[in-house]
Amino acid sequence: MAPSPASQPEPRQAAAEAASARALARNPAQAFRFGMIQSLPFLIVIVPFAMLFGVVALEAGIDIAQILGFSVLVLAGASQFTAVQLLSDHAPTWVVILSGLAVNLRMAMYSASLVPWLKGATGRQKAWIAYTLIDQSYALAIQHYEHHPRLTLQQRLAYFFGAAVAMCIPWIAASWLGATLGRAIPDDIALDFAMPITFLAMIAPMLRTPAHMAACFVSIVAALLLAGLPSGLGMMIAALFGMATGALLEVWTERRQEAGS
């Protein structure tokens, strides 16, 4: 007798279970390749964004060797743009360094959220994770780990490094290409669309709970209200407001559920 409709798995649940089975069946080399494949759509925005950095840095008076070294050593688009802008404004060195660190403060939050998934990694592996941790590699990795919590440590590491390699190397190469060909790019070709599109593509799929939505809304409103503060300070304060809102709402929701059970 055919199973009743109530006993049949929903299509979405069946698809999720099949995807989880495929993820668990991959060896580290296959997980590495899968991470590379999943990161490819981000290159649509990473490449023009990196080329834009090369162009802007060249116009700010930084030579090609310095631009390439900047991308290799820093490997953080928002911080690189912030530093170049401040250097163009002849800001003191300490202001440039502190501003770059402040803009990248979110990496500390990313690292903290990855600890439960990658805490068994060796010191060398953690160093490479820290170096290649960017917004896109974090967004892909954390979603992959949450969707497939039974992955082994080696599978998780392989997926992360596959995604990171596929995005970080093109970033460095495109920065050099932008600096090399920068003067040949017409002024009417706008490349500055890349950063907001990148963040929208990363954030939208992660807004799954009321706490996520509240944190996003509060941080947006606060960022707009504090936009006049210097050197990205308003963005930092807005991020703290958003995180506090999300945390408070999650605590309130958990207490409400415990009281109702």
So which residues in the stretch 9-28 are open to solvent by 60 Å² or more (accessible area, probe 1.4 Å) and charged (D, E, K, R)?
10, 12, 17, 22
How many of the residues making up the stretch 219-238 are open to solvent by 40 Å² or more (accessible area, probe 1.4 Å) and either among the acidic types (Asp, Glu) or at pLDDT 75 or above (or both)?
9
Look at residue 97 and say whether it is among the β-branched types (Val, Ile, Thr), open to solvent by 40 Å² or more (accessible area, probe 1.4 Å) and under 23 Å from residue 78 (Cβ atoms).
yes
Considering (1) out of contact with any Pro (no Cβ under 9 Å at 6 or more places or on another chain); (2) assigned to a helix (DSSP H, G or I), say which one residue 151 fails and leave the rest.
(2)
Of the numbered conditions (1) modelled with pLDDT of 80 or more; (2) more than 22 Å from the chain's Cα centre (by Cα), residue 43 satisfies every one except a single condition; which is it?
(2)
Among what's in the stretch 100-157 and is charged (D, E, K, R) and under 22 Å from residue 237 (Cα atoms), pick the residue that is least open to solvent (accessible area, probe 1.4 Å).
135
If the requirement is being among the small types (Gly, Ala, Ser), assigned to a loop (DSSP other than H, G, I, E, B) and touching a helix residue (DSSP H, G or I) at 6+ places or on another chain (Cβ under 8 Å), which of these qualifies: 121, 166?
121
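The values are calculated or read from the model by the stated rules, or taken from the named source; none is laboratory data. Since the model is a prediction, treat every value here as computed from it, not as a measurement. Here the Cβ is made from the backbone with ideal geometry for all residues, glycine too, and neighbour counts use every protein chain on show. Heads up: the accessible areas ignore ligands, DNA and RNA and are worked out on the full protein's heavy atoms, side chains in. Shrake-Rupley method; radii C 1.70, N 1.55, O 1.52, S 1.80 Å.
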